[in-house]
1. From Cα pairs below 8 angstrom and at least 6 apart in sequence, can you work out the relative contact order of region 270-367, rounded to a whole percent?
2. For region 102-166 and region 288-357, what is the separation of their Cα centres, given in Å?
3. Report the equivalent ellipsoid semi-axes for region 220-362 in whole Å, largest first, defined as the square roots of five times the eigenvalues of the gyration tensor built from alpha carbon atoms.
4. Could you work out the local net charge near GLY227, counting Lys and Arg as +1, Asp and Glu as -1, over the other residues with Cβ closer than 12 Å to its Cβ?
5. Can you give the angle from 0 to 90° between the axis of helix 2-19 and the longest principal axis of the chain, with both taken from C-alpha atoms, to the nearest 10?
6. Quick one: net charge of GLU333's neighbours, Cβ under 11 Å, K/R +1, D/E -1?
7. For region 172-295, take the alpha-carbon Rg, divide it by the Kirkwood Rh, and send me Rg/Rh.
8. Once you've got the Cα coordinates, tell me which of LYS74/LYS95; LYS53/LYS129; LYS321/LYS361 are over 25 Å apart.
Amino acid sequence: MRSAFFKIIVPLIALMVSLTANAQNKWAGGGMYYPGFLFAHTDDARNLEEHIKGFELSVARINNQDKYWSRFYKNAQIGYDFIYIDLGKPKLSGKVYAVGANFQFRIAGKGKNYLALRLGTGVGYITRKFDFYNNRQNMAIGSNWNGNIQLGLIYQTKISSRVTFKSGLGLTHYSNGSVRTPNLGINMPSLFLGLQVGFGNVKAKNIDTTKSFKPTTKRHEVLINYGYKEKFVSNPRQFNIVSMGYRWLHQITPVRRWYLGADLVWDPTHPYSHFLSTSNPRVGIDNSTELGVLIGHRYDIGRFAMLTDVGFYLLNPYQTKYFTYQRIGFRYELNKNWFLNGTLKVHFGTADYFEWGIGYKFKRFKK
């Protein structure tokens, strides 16, 4: 697989270098090699642990000076990628074929050498999933199609005016958000090693701030979310989850915010997780309602935003979940008041469910 990687990447880079004549490039293409490890975050997935290897082919817009947000994200790149990963156990976990998008920007350093943060998402097809008759040992993945979230720290070094060497560390997560069971998900820490070559000339443009969408400075948000998940492997059952939330925001920069909030959630799976010997336990508001408080952070990129939360349960029926939860996801600003929300809720690396919703922003509470 490694030889195939170099057979693809080296000619691609040579071609892009030959087509590039201007150091001020708008786009870049390249690839990265992923040596890493599939890490089992639960005992049920211990048998999947193995060294992994894969590669990424990508194209990225590396010059975004015509965007309002580019003045706040230094050396920002918006990338689109294809990812292949060999999970190390062909009959048990198979391989991953994925497509996605990522956003990268400088967080330290300057000039030709700097450290960047990379945030990515996408969808991947995993060739080997749980099957009750043919692959019962794979308790991590219950469906072929899974969502992808990737975090990385990338160190970039300019080799020439057009060629950049990339290296770093990253974590890639795949899960289906409990749409199908089992769904422990897989987590893969890995190295990033690769090259990026610029192409496509660009001319400087003034930022048209009158047309650019700027996130509002409103300090309060309310939202409602819907989630869906499946439980039990031998006799799957489907459940609907509804939640309401509040967020109080504090602006750090025009594109970064901290926020505090609370979640009120109705999750009818709690009685089923507690009364395991009862096939149809009583489900009510008193034994299925969660209450949590959270702290979060958000990056805004035009109408899109990337958010992460860490929450703590004040009310957790039967203590069927960990005392804390985490959330990572995206949102899209419809206008100055309304937004759409899509996040993955997890408990220490184990996906609970995807949630989708709508929210409203306002300046202050009426007296």
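What follows draws every value from the coordinates through simple rules; no lab data is involved. Predicted, not measured: the structure shown is a model, and the values here were computed from it. As a convention, Cβ positions derive from the backbone with ideal geometry for all residues, glycine included, and neighbour counts pool all protein chains shown.
1. Values: 179 pairs, mean separation 17.9, N = 98.
Relative contact order, region 270-367: 18 percent.
2. After rounding, the separation between the Cα centres reads 21 Å.
3. Values: eigenvalues 179, 42, 34 Å².
Ellipsoid half-lengths, sorted descending, are 30, 14, 13 Å.
4. Working: positive: LYS229, ARG327, LYS345; negative: GLU230, ASP263, ASP267, GLU290, ASP352, GLU355.
With Lys, Arg at +1 and Asp, Glu at -1, the neighbours total -3.
5. It works out to around 50 degrees.
6. Values: positive: LYS214, ARG303, ARG331, LYS336, LYS361; negative: ASP300.
For residues surrounding GLU333, the net value is +4.
7. Working: Rg = 22.2 Å, Rh = 19.5 Å.
When Rh is taken as the Kirkwood radius, the ratio is 1.14.
8. Values: LYS74/LYS95 35 Å; LYS53/LYS129 19 Å; LYS321/LYS361 30 Å.
Table pairs above 25 Å Cα-Cα are LYS74/LYS95; LYS321/LYS361.
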